[in-house]
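Participant: Sharing a structure below in structure tokens format, with a few things to ask.
Each value in this text was obtained by applying a stated rule to the coordinates, not by laboratory testing. Treat the numbers as computed from the prediction; the structure is a model and nothing was measured. Positions of Cβ are generated from backbone atoms using ideal geometry, with glycine treated the same way; all protein chains shown enter the neighbour counts.
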Amino acid sequence: MSNIVRDNEVVELDGPPGFEFGQKVRALVSVRNDGTFAGKEIGDVLARKGDVGYVVSIGTFLQQFYIYGVEFLETGYRVGMKRKELESAHGISIGEPA
């Protein structure tokens, strides 16, 4: 279990959010349902690496991280993601390969 990566020393809330409402972003990783997405089985893919969406909400998690609610237009799914899982997609067309 020593290979578990933890972000214990990162406190994003000390600064402003990395993304703004309405900003176009791209997923840097694939995200699977951990059981919190209603109507999908645990393990189902909710967002694939390279999918493009828009930030529709910004919340916090564990008084440490910003969580960005990203709506992916191709699937219609709204997925909560961390800053390190996203990048700006300014200038990227929806459906354009990653």
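Participant: Once you keep just the Cα pairs under 8 angstrom separated by 6 or more residues, what percentage relative contact order results for the range 12-88?
Facilitator: Rounded, it is 32 percent for the range 12-88.
Participant: Only Lys, Arg, Asp and Glu count, each charged at its Cβ (+1, +1, -1, -1), so figure out the dipole size of the range 12-88 about its Cα centre, rounded to 20 debye.
Facilitator: Value, rounded to 20: 120 debye.
Participant: Answer with one residue from F65, G43, P17: the one whose Cα lies farthest towards the positive end of the charge dipole of the range 12-88, charges on Cβ with Lys, Arg +1 and Asp, Glu -1.
Facilitator: Farthest towards the positive pole: G43.
Participant: If each residue's Cβ is checked for other Cβ atoms within 10 Å, how do K40, K24 rank with the fewest at the top?
Facilitator: In increasing order of surrounding Cβ atoms, one gets K40, K24.
Participant: A follow-up question, please. For the range 25-39, what does the Karplus curve 6.51 cos²θ - 1.76 cosθ + 1.60, with θ = phi - 60°, yield as ³J(HN,Hα) per residue in whole Hz, taken in order and with x for Gly and Pro?
Facilitator: Those phi angles translate into 10, 10, 6, 8, 9, 7, 10, 10, 5, 9, x, 9, 9, 5, x Hz.
Participant: Separate question: In whole angstrom, how long is each semi-axis of the equivalent ellipsoid of the range 12-88, when you take the square root of 5 times every eigenvalue of its Cα gyration tensor and sort them from largest down?
Facilitator: Value: 20, 15, 10 Å, ordered largest first.
Participant: Compute the length gained on full extension between L73 and H90: take 0.36 nm times their separation in residues and subtract their Cα-Cα distance, giving the result in nm to one decimal.
Facilitator: 4.6 nm
Participant: If you don't mind, there's one more thing I want to ask. Within 10 Å of each residue's Cβ, count the other Cβ atoms and sort F72, F61, F37 from fewest upward.
Facilitator: Ranked by crowding around the Cβ, least crowded first: F61, F37, F72.
Participant: Starting from the Cα of E9, step 7 Å along the direction of its Cβ; do the same at I42; then give the gap between the two resulting points in nm.
Facilitator: With each label placed 7 Å out from Cα toward Cβ, I get 3.3 nm.
Participant: If you don't mind, there's one more thing I want to ask. Which of the lysines could be linked to K24 by a straight reach, that is with a Cα gap under 17 Å, when you skip same-chain ones fewer than 8 residues away?
Facilitator: K49, K82, K84
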